[in-house]
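> After the structure tokens below, expect a handful of questions from me.
The values are calculated or read from the model by the stated rules, or taken from the named source; none is laboratory data. Everything numeric in this text was worked out from a predicted model, so none of it was measured. Glycine gets a Cβ as well: all are built from the backbone with ideal geometry, and neighbour counts include every protein chain shown.
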């Protein structure tokens with residue numbers, strides 16, 4: 001079953017007239033063997049469709065909103081592995097400015113330290129309404145954001161209306177390491193020392209350098225003698241199982257460091273192939289010297305919290321107290337593997353397994369529901385005189401989600417509540433993103 005192994009690549013020559021037939025056959029054979037819903041694949045004649053992406057999409061199970069095909073295998077692999085990349089170094093959420101309008105604003109969620117955006121002065125909570133003085137719309141915002149040299153024009157909220165702030169920030173993309181640890185600190189309050197980690201993707205990095213960064217953070221927490229732990233996953237859409245296992249293994253009580261973290265369910269063909277290799281059906285926690293032997297953990301979540309993030313949350317629940325604060329998560333209990341077409345640069349990323357925790361919990365299609373519901377609503381910089389929820393820096397205890405965690409940990413209500421006003425449902429609607437921009441909502445494993 002060669003589809004279980006990586007394939008060699010030959011980029012020589014232009015595509016021949018029959019290349020789509022070879023590619024479609026490869027898609028067909030891979031899906032019939034590997035796809036989790038391989039028995040539900042419709043009978044579609046692979047010789048009749050010249051567009052391989054359309055052919056692939058025609059094979060997908062009706063409830064599959066995740067599987068993906070690309071003609072840029074190398075680029076996708078680099079992105080999923082967390083390789084150094086050309087980037088401005090900031091993440092955002094896009095909103096329609098008003099109901100019925102195509103105008104868009106981008107609100108900055110976080111900025112990678114020492115990135116071009118960081119050095120230029122872009123901050124969490126900044127509102128971008130134009131790039132290179134071109135007003136953002138649903139049809140142009142992602143293309144403008146993806147440029148390699150541009151200026152962003154900022155706006156502020158006044159009397160519940162956006163107006164130009166007069167501030168323009170210029171940036172030029174540079175090669176950055178997308179270290180998923182964007183911020184960590186220890187919050188001392190009363191008798192408590194609370195470790196806080198903002199973790200934005202599950203990537204191992206070249207030579208596992210981002211896994212070693214997790215070790216560094218948790219060794220620091222141990223040295224500080226933290227009593228409690230808050231993991232901020234509100235902007236973390238997922239990633240690879242190695243990183244998910246590493247994070248969970250840093251946290252789990254030491255007595256369980258060789259217990260089952262997660263089980264995997266495959267289709268009948270794959271299950272039969274692996275029947276003599278039981279390790280393929282489960283992942284155990286790792287024994288790490290950086291493990292903090294926690295008895296409880298708080299997770300901050302939103303609808304952007306997906307896949308590997310959800311795996312960590314449900315994987316720890318059988319072994320310790322897990323408190324979820326924020327909004328319901330995305331709802332993805334499936335995983336994927338990346339396959340490459342031999343002799344080309346096409347890649348498939350199909351669903352190949354469903355995961356459960358040690359108690360068999362899975363199928364949370366509506367997301368994981370928070371224990372304490374706190375809205376990470378429309379965030380804008382308090383310096384811009386917003387009447388909406390202030391978007392405080394990550395790790396700032398005035399942030400509504402972190403504030404709730406600290407209240408629950410200490411048992412002491414916050415003395416000063418953040419001023420909040422509801423954001424209209426129309427304002428909270430998001431313009432569509434291209435499929436390539438949403439790929440990290442995909443738990444995957446290396447074949």
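> State whether the residues of segment 326-347 include one that is under 28 Å from residue 219 (Cβ atoms) and in contact with a strand residue (DSSP E or B) (Cβ under 6 Å, 6 or more places away or on another chain). Steps first, answer last, please.
Let us first name the residues in segment 326-347 that are under 28 Å from residue 219 (Cβ atoms), namely 326.
So of that shortlist, the ones also in contact with a strand residue (DSSP E or B) (Cβ under 6 Å, 6 or more places away or on another chain) come out as 326.
Scanning segment 326-347, I find at least one residue that is under 28 Å from residue 219 (Cβ atoms) and in contact with a strand residue (DSSP E or B) (Cβ under 6 Å, 6 or more places away or on another chain), so the answer is yes.
> On to the next question. Take the conditions over 25 Å from residue 301 (Cα atoms), surrounded by fewer than 17 Cβ atoms within 10 Å (Cβ to Cβ) and not assigned by TED's automatic domain parsing to the domain that holds residue 164 and apply them to residue 98. Does it pass? Don't jump to the end; show me each part of the working.
Values: over 25 Å from residue 301 (Cα atoms): yes; surrounded by fewer than 17 Cβ atoms within 10 Å (Cβ to Cβ): yes; not assigned by TED's automatic domain parsing to the domain that holds residue 164: no.
Spelling it out, it is not the case that residue 98 is over 25 Å from residue 301 (Cα atoms), surrounded by fewer than 17 Cβ atoms within 10 Å (Cβ to Cβ) and not assigned by TED's automatic domain parsing to the domain that holds residue 164.
Matching residues to (1) closer than 29 Å to residue 210 by Cβ; (2) buried (at least 17 other Cβ atoms within 10 Å of the Cβ); (3) modelled with pLDDT of 95 or more:
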| site | (1), (2), (3) |
| --- | --- |
| 94 | yes, yes, no |
| 102 | no, no, no |
| 112 | yes, yes, yes |
| 121 | yes, no, yes |
| 126 | yes, yes, no |
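> Do you know which of the residues in segment 242-271 that are closer than 12 Å to residue 309 by Cβ and in contact with a strand residue (DSSP E or B) (Cβ under 6 Å, 6 or more places away or on another chain) is surrounded by the fewest Cβ atoms within 10 Å (Cβ to Cβ)?
Residues of segment 242-271 that are closer than 12 Å to residue 309 by Cβ, as a first pass: 243-244, 247-248.
Those left that are additionally in contact with a strand residue (DSSP E or B) (Cβ under 6 Å, 6 or more places away or on another chain): 243-244, 248.
Working: 243: 24, 244: 25, 248: 22.
Selected residue: 248.
> Quickly run through segment 38-51 and pick out the residues that are under 28 Å from residue 271 (Cβ atoms) and in contact with a helix residue (DSSP H, G or I) (Cβ under 9 Å, 6 or more places away or on another chain). Explain how you work it out, then say what you get.
Filtering segment 38-51 down to residues under 28 Å from residue 271 (Cβ atoms) leaves 38-44, 46.
The answer is 38, 39, 41, 42, 44, 46.
> Does segment 179-209 hold any residues that are closer than 15 Å to residue 309 by Cβ and either free of Cβ contacts under 8 Å to residues at least 24 places away in the same chain or not in a strand (DSSP E or B) (or both), and which are they? First the steps, then the outcome.
From segment 179-209, those closer than 15 Å to residue 309 by Cβ are 180-182, 197-203; that's our starting set.
Across segment 179-209, the qualifying residues are 180, 200, 201, 203.
> I'd like to check which strands (runs of 3 or more DSSP E) are fully inside segment 242-307 and have at least 2 residues that are within 22 Å of residue 221 (Cα to Cα).
Details: elements: 260-265, 282-284, 296-301.
So the answer is 296-301.
> Next question, about the same structure. If you scan segment 366-395, which residues turn out to be at pLDDT below 90, in a loop (DSSP other than H, G, I, E, B) and either within 22 Å of the chain's Cα centre (by Cα) or outside the structural domain of residue 234 (by TED's automatic domain parsing) (or both)?
Answer for segment 366-395, where residues must be at pLDDT below 90, in a loop (DSSP other than H, G, I, E, B) and either within 22 Å of the chain's Cα centre (by Cα) or outside the structural domain of residue 234 (by TED's automatic domain parsing) (or both): 375, 376, 377, 378, 379, 391, 392.
> Then there is this: Within segment 299-312, restricting attention to residues that are touching a strand residue (DSSP E or B) at 6+ places or on another chain (Cβ under 7 Å) and closer than 20 Å to residue 394 by Cα, which residue is surrounded by the fewest Cβ atoms within 10 Å (Cβ to Cβ)? Give the derivation first.
Step one: filter segment 299-312 for residues touching a strand residue (DSSP E or B) at 6+ places or on another chain (Cβ under 7 Å), giving 299-302, 307-308, 311.
If we keep only those that are closer than 20 Å to residue 394 by Cα too, we end up with 299-302.
Values: 299: 28, 300: 29, 301: 30, 302: 24.
Looking at residues that are touching a strand residue (DSSP E or B) at 6+ places or on another chain (Cβ under 7 Å) and closer than 20 Å to residue 394 by Cα, I get 302.
> Test of understanding: among 229, 212, which residue is more than 28 Å from residue 191 (Cα to Cα) and in the same structural domain as residue 337 (by TED's automatic domain parsing)? Don't jump to the end; show me each part of the working.
Numbers: 229 fails: more than 28 Å from residue 191 (Cα to Cα).
On inspection, the qualifying residue turns out to be 212.
> Name every residue in segment 52-98 that is touching a helix residue (DSSP H, G or I) at 6+ places or on another chain (Cβ under 7 Å) and not in a strand (DSSP E or B), in order of residue number.
Across segment 52-98, the qualifying residues are 52, 55, 56, 59, 61, 82, 83, 88, 89.
> Let me ask you something else. Yes or no: residue 142 within 21 Å of the chain's Cα centre (by Cα) and buried (at least 19 other Cβ atoms within 10 Å of the Cβ)?
Numbers: within 21 Å of the chain's Cα centre (by Cα): yes; buried (at least 19 other Cβ atoms within 10 Å of the Cβ): no.
In short, no.
> Can you spot a residue in segment 153-167 that is crowded, with 18+ Cβ neighbours inside 10 Å and modelled with pLDDT of 95 or more?
Yes, the conditions are met somewhere in segment 153-167.
> Further, regarding this structure: Which condition does residue 298 not pass, out of (1) over 20 Å from the mean Cα position of the chain (by Cα); (2) on the phi < 0 side of the Ramachandran plot, if it passes all the others?
(1)
> Within segment 218-241, restricting attention to residues that are in contact (Cβ under 8 Å) with a residue 60 or more places away in the chain and assigned to a helix (DSSP H, G or I), which residue is farthest from residue 193 (Cα to Cα)?
The selected residue is 241.
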